[in-house]
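The values are calculated or read from the model by the stated rules, or taken from the named source; none is laboratory data. These numbers were taken from a predicted model, which means no experiment stands behind them. Counting neighbours? That spans all protein chains shown, and the Cβs are built from the backbone with ideal geometry, glycine included. Note: accessible area is taken over every heavy atom of the protein model, side chains too, but ligands, DNA and RNA are not part of it. Shrake-Rupley method; radii C 1.70, N 1.55, O 1.52, S 1.80 Å.
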Amino acid sequence: MKKLIFFPIEIKSRELKVRLLMSLFALKKNFFCFIGDKHGIFRATKHFSPGSYFYKSINHKDTGHIQKIKDLKNNYIVLDEEGGFQYSTPKELNKFITVRSSSENVKLINRFYTWGKFDHNEWKKRYYKYSDKFKLFGSPRIDLWKNKIVKKIYKNELSDISKKFNNNYILVVSSFMSSEKELKKYYKVFDHWFKFRNKKERQIQINQKKSDLALFKNFLTMINCISKDNPHLNFVIRPHPAENINDWRNFTKKMSKNIHISNEYDVTPWIFSSNFVIHNSSAVGMQTAGMKKKLITYRPKGFIYDRNFPNKFGIITDDKKKISKIINSKINLKNKKDLDFKKLKNRFCNINEDNLTSEKLINDINKSHTIYSKFNFVNFFFISILYMGRDLLFLLIRRFVKIKQIKQKTLRSSAEKIPGGITKHEIEAFFKAMDDFDKKVKIVKFCNNCYLIYKN
């Protein structure tokens, strides 16, 4: 009999290292950990449940998925990756909660972890009948903001960035709508993902996305301006995972040669090595403040900002010409950084503590984990061979037979969300980067983009 925990990954750059850090502590509690893309993890749950299933949302469209996982006798545990912490007021946060949840889903799940007091209080108020399911522990993503962790697990990324740019760059993070084509694509999945109480709410969201497209064009002008003014600096643009990176490449190809578009790695090492971070309405702005790095909030007038709380951090300006002056000034920002950091304590639990949230979450999951799987390795390897053979056969068929694509209900495909797939090498590299790596840890491929991690 084994204790199992399932870690599905949707966006590799955002979630993989976080779940691996959680796995490190789960192994110490004698869990067997499955980690992989959602398709691979669902395969694992079909054959090896019950266990604890750790997911990133309880969107109102997730009901069928939750029910399938629960029917397999699993505990369903949630920490919403979007968080809602970027909204300014409880009223705005409650609109987010409406989109991201339903009473039916809250009733089905076992536990929901919150980021900080701000979102925790509103989730409990909304679902007061199930208030005992909401636990204020914070997010393990905050662990990856701490210098001691950054230098360990991003050692290779930091080295690569240093070689490319000599740590002489400005990071520009994006969270917009990148073209009219993307806007039309967004409208096609719009009503599938959003739940509106009336036509007015729907129109407000449409107006917001139109504003996001206009702001994207404004950002392009700003980037073009400051890159020309600062030929001695590199400007690294990091599009949001939901954006089309090719739009950025097309629009900037005639701009200065010191502009670079990249979605490599997690955003954390980019922030860590940057001279400044420039953003608008992005959670990355809050992360930059949480890491006490230099931040510029570019907030031009005439746009709609529904996630305005991140715009209260760093040096705030609505004038693109002032950005170059800020970049080249020698102003001491220590007091500003300290003040911004204090603002985050209500939003991010454990942000100023040395103890890792990942460990606290695993300890809590372990306390409530009273279910065991009849997992055995003979069965595992037999099923694994079948799936890998099936995946290989499907890959060969796709080379010679045109298969009709299923109409996707998301802006970005799975291949875009998990570029390069999930490899054994990167999992091994993560564990070896940690000081307390145990050589008894085994990493075994189960199927495409899915692995079993356990201790001998």
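With both labels modelled 7 Å from their Cα along Cα-to-Cβ, the M434 to S368 distance reads 2.2 nm. Overall shape: oblate for segment 141-280, with the ratio a/c of the largest to smallest alpha carbon gyration tensor axis at 1.5 or above and b/c at least equal to a/b. Rounded to 0.05, the FRET efficiency of the K321 and V378 pair, given R0 = 60 Å and the Cβ-Cβ distance, is 0.30.
Short-range pairs are left out: with C-alpha atoms under 8 Å and at least six residues apart, the relative contact order of segment 16-114 is 28 percent. Segment 48-102 and segment 281-301 have Cα centres lying 27 Å from one another.
Convex hull over the Cα atoms of segment 1-94, averaged projected area in nm²?
Approximately 7.0 nm², given one-decimal rounding.
When the chain is described by a simple charge dipole with +1 on each Lys and Arg Cβ and -1 on each Asp and Glu Cβ, the residue from C349, N263, N234 located farthest towards its positive end is N263. If I take R0 = 22 Å and measure r between the Cβ atoms of M388 and I11 in this structure, what FRET efficiency does the formula 1/(1 + (r/R0)^6) give, to the nearest 0.05? It comes out at approximately 0.35.
Accessible surface for the chain, divided over its residues, is 48 Å² per residue with a 1.4 Å probe.
Got the relative contact order for the chain handy, in percent, Cα pairs under 8 Å and 6 or more residues apart? This gives 23 percent for the chain. Considering only S179, I326, M291, and ranking their Cα positions along the charge dipole of the chain that arises from unit charges at the beta-carbon of Lys, Arg, Asp and Glu, the one farthest toward the positive end is S179. Only helices enter this figure: runs of n ≥ 4 DSSP H residues, each worth -39500 (n - 2.57), summed and divided by the residues of the chain, yield -14500 deg cm²/dmol at 222 nm to the nearest 500. If you bin all the Cα-Cα distances of segment 237-334 at 10 Å, starting from zero, the percentages per bin are 14, 43, 39, 4. Considering only Cα-Cα distances, which of the following residue pairs are longer than 22 Å: K91/K312; K38/K209; K29/K440; K124/K336; K3/K73; K56/K164? In this structure, K38/K209; K124/K336; K56/K164 lie more than 22 Å apart at Cα. Stokes-Einstein diffusion for segment 119-189, with the hydrodynamic radius set to the Kirkwood value over Cα pairs and evaluated at 20 °C in a medium of 1.002 mPa s, equals 126 µm²/s. Using a probe of 1.4 angstrom, how much of the accessible area of the chain is carbon and sulfur, in percent? On the chain, the fraction of accessible area on carbon and sulfur atoms equals 52 percent. May I ask for the percentage of alpha-carbon pairs in segment 49-196 that lie more than 26 Å from each other? The calculated P(r) of segment 49-196 puts 43 percent of pairs beyond 26 Å.
The modelled label-to-label distance for the pair K254/L72, using points 7 Å beyond Cα in the direction of Cβ, is 5.1 nm.
For the chain, which DSSP H helices look membrane-span-like by this rule: Cα extent along the axis of 27 Å or more and mean Kyte-Doolittle of at least -1.0? In the chain, the long hydrophobic H runs are 199-229, 377-400. Shape analysis of segment 241-296 based on the Cα gyration tensor places the equivalent ellipsoid semi-axes at 22, 13, 11 Å, largest first.
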